[in-house]
Amino acid sequence: MAFEVTESSLSVEEYPFVPGLVLKNISKRYGDVQALHGLNLEIQDGEFCVIVGPSGSGKTTLLNIIAGFTKPDDGEVIVDGRVYNRLSPRDRNIGMVFQDIALFSHMTVRKNISFGLEVQKKNSTVDIDNRVKKIADRLKIGNLLDKKPGLLSGGEAQRVAIGRTLITDPSFFLFDEPLGNLDADLRMEMLTEIKRLHLNLKKTFVYVTHDQEQALSAASRVMIMKDGKVLQKGHPREIYNNPGDRFVAEFFGVPSMNLIDGTIIPEDDGSLFKGAGLRVKLQGYSQPKEAEVTLGVRPADVIVGSRITEDGFGTINSIELLGDKNHIYLTLDHEQTIIAITPPKTTFELEQKVRIKLKENKVFIFDRDQGGRLHP
Ligand code: ADP
Ligand code: MG
């Protein structure tokens with residue numbers, strides 16, 4: 001094979017492990033909206049980095065700035081040690097797959113894929129044809145090359161959009177919520193393919209989504225964005241187990257973390273949380289004075305039963321049987337609802353009153369106003 005590289009031909013000097021992409025203090029304002037807020041970010045060469053955040057958090061603005069379609073008001077985009085701010089999008093050699101696919105409807109799939117190369121006028125027709133075929137086969141759309149986009153399914157159209165990006169052989173890839181319009185099954189299938197593509201190409205992928213389930217399953221590293229800032233970054237498991245604040249805690253995890261408002265009361269050997277009829281003892285957490293807080297506990301850390309030492313009681317208002325586990329929806333005092341994940345064999349009934357116990361070392365306490373983490 002022509003493009004095969006043997007291991008001995010790669011030396012450490014040629015492939016140093018450095019941040020491939022660095023964003024320094026990037027700000028962008030649209031009128032009254034501060035879309036990005038002095039954002040700092042480092043992405044390793046060859047990494048599959050997922051940026052996840054709610055709609056409006058600045059993800060698309062960020063990608064457009066990296067790709068060169070939008071100019072930042074402030075800050076630097078640095079690729080392989082070189083400041084990119086003044087480079088045009090074409091000179092950046094970045095492939096971007098957009099949220100909105102927008103294929104050329106009057107062109108065949110073949111033309112849609114080859115278009116980017118043809119405008120460069122660097123390659124012969126035969127060469128372009130071969131590359132289109134190779135890419136189409138890799139994306140399993142070899143049989144669609146003569147069709148027009150109007151006849152494609154959502155998943156097929158997305159493959160064409162990826163192919164169109166691949167053909168110019170970019171040095172790294174930006175994906176802006178590429179699977180938003182597909183249904184859940186297809187979404188996971190395409191995500192797996194994008195991951196496989198990353199494995200084969202060994203290039204940097206920055207993948208943006210508001211869907212943290214995708215983020216959890218795809219990433220070796222996740223960055224959580226909100227209001228134009230990166231709130232937390234790390235391995236998904238680390239973020240799940242160790243969320244920095246209430247927003248990250250609630251946003252990251254399916255089903256979401258249970259949040260219960262209440263009061264924390266100092267005691268001799270720790271503190272006591274009181275809220276929604278629960279009394280939760282927190283050993284080793286000393287709080288100087290009574291304070292309004294929010295308790296957070298993951299559904300998997302809520303124990304439900306009839307013969308346990310309880311923190312309080314709840315009434316079962318809904319049960320989802322999922323085969324390998326059950327989701328139990330419980331109503332506590334003051335109409336507070338929480339979810340517990342229970343083993344598949346436990347049998348509960350609707351309207352049943354049950355004891356609830358929160359796993360003690362799995363309880364978080366957040367500041368009620370600011371959302372900062374107070375404990376642990
Ligand atoms: P996301 O992709 O995370 O949903 P965006 O980057 O699209 O977020 O938007 C971030 C914020 O900037 C939003 O409040 C949005 O309304 C605003 N915004 C983005 N692009 C423009 C624009 N071209 N003109 C005005 N406001 C914009
Ligand atoms: Mg967006």
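Bear in mind these aren't lab numbers, they're just calculated from the coordinates by the rules spelled out. Here the structure is a predicted model, which means the values were calculated and not measured. All Cβ positions, glycine included, derive from the backbone under ideal geometry; neighbour counts span all protein chains shown.
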Helix 184-201 sits off the longest principal axis of the Cα atoms of the chain, rounded to the nearest 10 on a 0 to 90 degree scale, by 60
Ranking Leu139, His198, Leu332 by how far each Cα lies towards the positive end of the charge dipole of the chain (+1 on Lys and Arg Cβ, -1 on Asp and Glu Cβ), the top one is Leu139
Under the 7 Å Cα-to-Cβ spin-label approximation, Lys121 and Glu267 lie apart by a distance in nanometres of 8.0
Amide H contacts under 5 Å for Thr70, restricted to residues at least 5 apart in sequence or on another chain and with H modeled in the peptide plane, are Ile65
Flagged as over-length at 30 Å C-alpha distance, from Lys71/Lys226; Lys59/Lys195; Lys24/Lys289; Lys134/Lys233; Lys59/Lys121; Lys28/Lys134, the pairs are Lys24/Lys289; Lys134/Lys233; Lys59/Lys121; Lys28/Lys134
Placing each pseudo-label 7 Å from Cα in the direction of the beta carbon, Glu349 and Lys195 end up separated by a distance in nanometres of 4.3
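Dipole magnitude of region 12-251 about its Cα centre, charges +1 at Lys/Arg Cβ and -1 at Asp/Glu Cβ only, in debye to the nearest 20?
Working: 33 positive and 31 negative charges, 126 e Å.
Once rounded to the nearest 20, the dipole reads 600 debye.
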Per the charge dipole of the chain (beta-carbon charges, Lys/Arg positive, Asp/Glu negative, Cα centre), the residue among Val254, Val208, Gln370 reaching farthest to the positive end is Val208
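For Phe104 and Asp146, what is the calculated FRET efficiency with R₀ set at 22 Å and r taken between the beta-carbons, to the nearest 0.05?
With R0 = 22 Å, the Cβ-Cβ based efficiency is 0.90.
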Rg/Rh over Cα atoms for region 258-375, Kirkwood Rh, comes to 0.99
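For region 237-316, what value does the Rg/Rh ratio take when both radii are computed over Cα atoms and Rh is the Kirkwood radius, given to two decimals? Walk me through the numbers before you get to the answer.
On the way: Rg = 13.6 Å, Rh = 13.9 Å.
Rg/Rh for region 237-316 comes to 0.98.
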Computed over the chain, the distribution of all Cα-Cα distances in 20 Å bins, rounded to whole %, is 24, 46, 26, 5, 0
Toy charge model, Lys and Arg Cβ at +1, Asp and Glu Cβ at -1: region 258-375 dipole around Cα centroid in debye, rounded to 20, equals 380
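Considering only the other residues whose Cβ falls under 12 Å of the Cβ of Asn241, what net charge follows from Lys and Arg at +1 and Asp and Glu at -1? Walk me through the numbers before you get to the answer.
Values: positive: Arg237, Arg298, Lys362; negative: Glu238, Asp301.
Around Asn241, the charge tally is +1.
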With Cα springs under 10 Å, the Gaussian network model of the chain assigns the largest mean-square fluctuation among Phe364, Phe348, Phe273 to Phe348
From the Cα centre of region 222-257 to that of region 282-305, the distance in Å is 19
Computed over region 247-323, the relative contact order (Cα-Cα under 8 Å, seq sep at least six) in percent reads 29
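What is the packing order of peptides 251-261, 45-55, 177-187, taking the mean over residues of other C-beta atoms within 10 Å and listing the highest first? Kindly include the intermediate steps, with their values, before the conclusion.
Working: 251-261: 18.4, 45-55: 20.2, 177-187: 16.6.
Going by the mean number of other Cβ atoms within 10 Å, highest first, we get 45-55, 251-261, 177-187.
Hey, what number do you get for the chain at 222 nm if only DSSP H runs of n ≥ 4 count, each worth -39500 (n - 2.57), divided across all residues, to the nearest 500?
Details: 9 runs with 89 residues, N = 376.
Helices in the chain give a 222 nm mean residue ellipticity of -7000 deg cm²/dmol.
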